[in-house]
Amino acid sequence: MEMLKTKLSKKFAEEKADISAFVKQYGDKEVSKVTLAQAYGGLRGVKGLVCDTSEVPPDKGLIIRGIELKYLTEKLPEEILYLLLTGELPKEDELKELQQELIKRQNVPQYVWDVLNSMPEDSHPMAMFNTAILVMQRESIFAKRYAEGMKKDEYWEPTLEDTLNIVAKLPGIGAYVYRKRFNKGPRIEPRTDVDWAQNFVHMLGLPDPNGELTKLMRLYLTLHCDHEGGNVSAYSAATINSALSDLYYALSGGLNGLAGPLHGLANQECLGWILETMEKFGGTPTEEQLEKFAWDTLNSGKVIPGYGHAVLRITDPRFDAFLAFGKKYMQDDPVFLTVERVFNVVPNVLKQVQKIKDPWPNVDAGSGALLYHYGMTEFSYYTVLFSISRALGICSQAVVARAMGYPITRPKSLPTAKFKELVGAI
Ligand code: CMX
């Protein structure tokens, strides 16, 4: 890992000096205002967080280290991890070093399998996955070095070690959660001669005769990697990380947030909604049928999963990438056809609901249909895939935060009575 460490060491030293001078000079400039509605509205739009790994302009979607997502869809997830960490795409030897490092660290301790084996059979796959990450906390190099009394300037190095150790093991853990939870047979040992996503597909044990599932998995694990700093999973993980809890605590905590239906669990909910329409109408519904079904969903007080976003105001480029994949590889699949048809109908329905700010599909609107096509029909598992990918961003953000020496997070809260006083209501 020498090349990566040397690069980061130089980069972080320069950036830290730059940020420190920047904040020293401009520290008292105002960058955002908070209205009362924002304080009661999930702090939507308040600019009070720093994230250098990626940004999400409402009219563009995900940009990773300055590169728009549409230029990254052919990259391997390992290349994206390198980009998130360093700000550059890896050269051939740099990619090789990272891939070898992940292979070297991929073996999962036996006690993780024991813990997973002892969980109730109907545990949610996300509960299993996050438990597996948390139970490995005793492996943390950061926690060990912190207990030994390392210097603050060194914090990022063991956080990088934890990152590589965790990322290397996630495909094996994720694959076993799938096999165990859905009775797919014994655990499959990892390979040492394939890339990260390909190894994952191998360990899942799903048939992949023409390599299309591997292509989809590479895309899937790339597209979900990061989405700036304020989303529930990234922000929760960053908050935990800021207390100098190690990455095993921070990542599993953040991913518990991803397990919520308004966040990452929406992909599970979304395919459920698509299949419900197909069951109700006996196959791919017509646009008229879908429009009525969408209104019925809204009128029954439910959200239409896969649509809307707290930040985006366009069709999510991650959805575009999945749609392009589906058009290329499964144009006639009835579930994919339904996803396409829903896309023709639902935005026009949501546009008529005044309170909804973004009527467009987000990342979760189409991904499930593609997995379903390749035989991964257990949609309660889908958020685990999202998690494996999102770990790349969460861990990279944690390494950067340690390197920049960001302090413990502590925004100020006030009771309602104080807010009333503040705005002159009493
Ligand atoms: N269906 C029905 N109602 C929706 C909606 C949808 N798809 N999207 C937004 N709304 C509603 C909200 O529930 C909210 O209603 P109330 O004021 O009654 O609570 C209102 O419209 C305003 O919401 P908003 O400002 O447009 O959106 P938010 O920032 O509050 O919420 C999100 C964003 C994603 C939670 C919301 O659009 C939603 O629930 N979508 C469906 C679930 C989903 O797909 N989540 C995945 C997002 C991507 C991810 O994080 O993984």
In region 54-75, the residues that are under 11 Å from Thr222 (Cα atoms), open to solvent by less than 30 Å² (accessible area, probe 1.4 Å) and either in a loop (DSSP other than H, G, I, E, B) or assigned by TED's automatic domain parsing to the domain that holds Val194 (or both): Leu72
Single residue of region 359-415 satisfying the filter (among the aliphatic types (A, V, I, L, M) and open to solvent by 50 Å² or more (accessible area, probe 1.4 Å)) that is nearest to the ligand (Cβ to nearest atom): Leu414
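Looking only at residues in region 292-323 that are of a type in the set (A, V, I, L, M) and assigned to a helix (DSSP H, G or I), which one is nearest to Ser233 (Cα to Cα)? Spell out the reasoning first.
Quick first cut of region 292-323, residues of a type in the set (A, V, I, L, M) only: 294, 298, 303-304, 310-312, 314, 321, 323.
Filter once more, so that each one left must be assigned to a helix (DSSP H, G or I): 294, 298, 321, 323.
Details: Ala294: 28, Leu298: 26, Ala321: 22, Leu323: 25 Å.
If we take residues in region 292-323 being of a type in the set (A, V, I, L, M) and assigned to a helix (DSSP H, G or I), then Ala321 is nearest to Ser233 (Cα to Cα).
State yes or no: is Leu72 touching a Phe, Trp or Tyr at 6+ places or on another chain (Cβ under 9 Å), closer than 23 Å to His227 by Cβ and not acidic (Asp, Glu)?
So Leu72 does not fit the description; no.
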Count - residues of region 374-413 that are part of a loop (DSSP other than H, G, I, E, B) and touching a residue at least 60 places away in the same chain (Cβ under 8 Å): 10
Considering residues of region 97-128 that are touching a residue at least 12 places away in the same chain (Cβ under 8 Å) and within 19 Å of Lys5 (Cα to Cα) only, the residue most open to solvent (accessible area, probe 1.4 Å): Lys104
Among (1) open to solvent by less than 30 Å² (accessible area, probe 1.4 Å); (2) within 13 Å of the ligand (Cβ to nearest atom) - the single one Trp295 does not satisfy: (1)
Flag if Leu262 is part of a loop (DSSP other than H, G, I, E, B), under 22 Å from Thr222 (Cα atoms), without any contact (Cβ under 8 Å) to a residue 60 or more places away in the chain and hydrophobic (A, V, I, L, M, F, W, C): yes
Qualifying residue in region 86-96 (condition: among the hydroxyl-bearing types (Ser, Thr, Tyr), open to solvent by 20 Å² or more (accessible area, probe 1.4 Å) and not in a loop (DSSP other than H, G, I, E, B)): no
Test for Arg313: is it within 16 Å of the ligand (Cβ to nearest atom) and farther than 30 Å from Leu204 by Cα: yes
Pairs, first touching a residue at least 12 places away in the same chain (Cβ under 8 Å) in region 23-44, second among the small types (Gly, Ala, Ser) and open to solvent by less than 100 Å² (accessible area, probe 1.4 Å), C-beta under 7 Å, six or more apart: Ser32/Gly48; Arg44/Ala310
Criterion violated by Pro190 - all others in (1) more than 16 Å from the ligand (Cβ to nearest atom); (2) more than 24 Å from Arg105 (Cβ to Cβ) satisfied: (2)
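Out of region 245-280, which residues are open to solvent by 60 Å² or more (accessible area, probe 1.4 Å) and more than 12 Å from the ligand (Cβ to nearest atom)?
Passing the criteria: Tyr249, Asn256, Glu276, Glu279, Lys280.
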Filter result for the condition that a residue is part of a loop (DSSP other than H, G, I, E, B), touching a residue at least 12 places away in the same chain (Cβ under 8 Å) and more than 9 Å from the ligand (Cβ to nearest atom), over Gly283, Gly326: Gly283
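The values are calculated or read from the model by the stated rules, or taken from the named source; none is laboratory data. Since the structure is predicted, the reported quantities are computational estimates derived from the model, not experimental observations. Don't worry about glycine lacking a Cβ; one is built from the backbone with ideal geometry, like all the others, and counts go over all protein chains shown. Accessible surface areas use protein heavy atoms only, side chains included; no ligands, DNA or RNA. Shrake-Rupley method; radii C 1.70, N 1.55, O 1.52, S 1.80 Å.
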